[in-house]
Amino acid sequence: MDNQTIVNKTVEFVKNTLSEAEGGHDWWHIYRVWKNAQYIGKEEGNVDMLVVELGALLHDIADSKFHGGDEEVGPKTTSDFLKSLEQPEDTIEHVENIVRYISFRSAIEGQKWTSPELSVVQDADRLDALGAIGIARAFNYGGHKGRALYDPNIKPNMKMTKEEYKNSTTPTLNHFHEKLLLLKNLMNTNTGKEMAEGRHQFMEIYLDQFYAEWEGKK
């Protein structure tokens with residue numbers, strides 16, 4: 001089976017699996033991350049592009065926050081699917097680890113495993129949490145979970161443990177300070193860092209406007 005056929009079959013599998021997913025973690029999120037990863041991987045070079053594409057396409061195939069916090073559902077689903085395509089064991093293990101270690105939670109507790117391919121896919125995923133789309137996704141998920149937009153009396157927790165992050169129910173605006181505004185400085189690749197800069201600045205402008213409007217100043 002050639003690489004393009006493998007990618008095409010993976011696209012079909014992901015589209016079907018995530019057909020009813022929450023809007024911030026649906027097929028179109030995967031699509032954007034996939035496109036980001038293709039661009040970053042080609043710009044950076046020296047990566048296995050099949051692993052990059054598979055990692056990007058499968059990275060949210062079973063996000064733990066939609067599966068009772070189980071962080072092994074995604075890696076297992078990934079492994080089972082790639083085995084069905086009769087992929088080599090080293091490719092399966094590599095993509096499985098990308099799925100296992102891509103999340104922001106891994107950054108909180110310290111990255112336990114990495115590879116050039118993970119660096120590319122992680123940057124691609126983090127880019128989709130920044131800028132205009134990042135803002136839209138944050139509020140979409142907050143609405144999905146029934147969270148407040150903002151509460152001035154609930155301050156962001158800038159020293160969250162992994163468990164506190166997983167179980168947080170605070171207003172969506174707190175998420176900007178607890179995660180989204182931190183991502184620019186967590187980018188791995190030069191290409192990712194360059195792409196993150198403008199998106200980060202856009203979010204800062206948005207927050208200034210939000211807080212001003214909240215107080216009736218604009």
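We did not get these values from a lab; they are worked out from the coordinates using the rules stated. Treat the numbers as computed from the prediction; the structure is a model and nothing was measured. For neighbour counting, all protein chains shown are included, and Cβ atoms are generated from backbone atoms with ideal geometry for every residue, glycine included.
Some points to look at:
- Values (1) 17.5, 57; (2) 18.9, 59; (3) 17.6, 61 are given for comparison; Rg and Dmax of the Cα atoms in Å, derived from the coordinates here, is the one labelled (3).
- For the listed residue pairs LYS15/LYS159; LYS9/LYS179; LYS15/LYS193; LYS112/LYS184, the alpha carbons are over 31 angstrom apart in LYS15/LYS159; LYS9/LYS179.
- As a rough footprinting exposure proxy, the listed residues MET49, MET1 were ranked by other beta carbons within 10 Å of their own, and the order from fewest upward is MET1, MET49.
- Remark on ALA129: its backbone amide H falls under 5 Å from none of the residues 5 or more positions apart or on other chains, H modelled at 1.01 Å from N.
- Given the chain, longest segment not containing exposed loop GluC sites (Glu not before Pro) (DSSP; at most 16 other Cβ within 10 Å): 87-214
- Per-residue ³J(HN,Hα) for the stretch 3-19, Karplus 6.51 cos²θ - 1.76 cosθ + 1.60, θ = phi - 60°, Hz, x for Gly and Pro: 4, 5, 5, 4, 4, 4, 5, 5, 4, 4, 4, 5, 4, 5, 5, 9, 4
- Computed [θ] at 222 nm, helices only, for the chain once each DSSP H run of length n ≥ 4 contributes -39500 (n - 2.57): -20000 deg cm²/dmol
- Dipole magnitude (debye, nearest 20) for the stretch 3-214, charges at Cβ of Lys, Arg, Asp, Glu: 520 debye
- Likely footprinting exposure, VAL7, VAL51, VAL99, fewest C-beta neighbours within 10 Å first: VAL7, VAL51, VAL99
- Derived scalar couplings ³J(HN,Hα) [the stretch 146-156; Karplus, 6.51 cos²θ - 1.76 cosθ + 1.60; whole Hz; x for Gly, Pro]: x, 8, 5, 5, 7, 9, x, 7, 10, 7, x
- Phi-derived couplings, Karplus 6.51 cos²θ - 1.76 cosθ + 1.60 at θ = phi - 60°, listed residue by residue for the stretch 27-41: 4, 6, 5, 4, 4, 5, 5, 4, 5, 4, 5, 4, 5, 5, x Hz, with x used for Gly and Pro.
- Sorted by Cβ density within 10 Å, fewest first, the residues ASP26, ASP2, ASP128: ASP2, ASP26, ASP128
- Degrees between helix 73-84 axis and first principal axis of the chain (Cα, 0 to 90, nearest 10): 20 degrees
- Whole-number percent relative contact order across the stretch 3-214, with pairs defined as alpha carbons under 8 Å at least 6 apart: 21 percent
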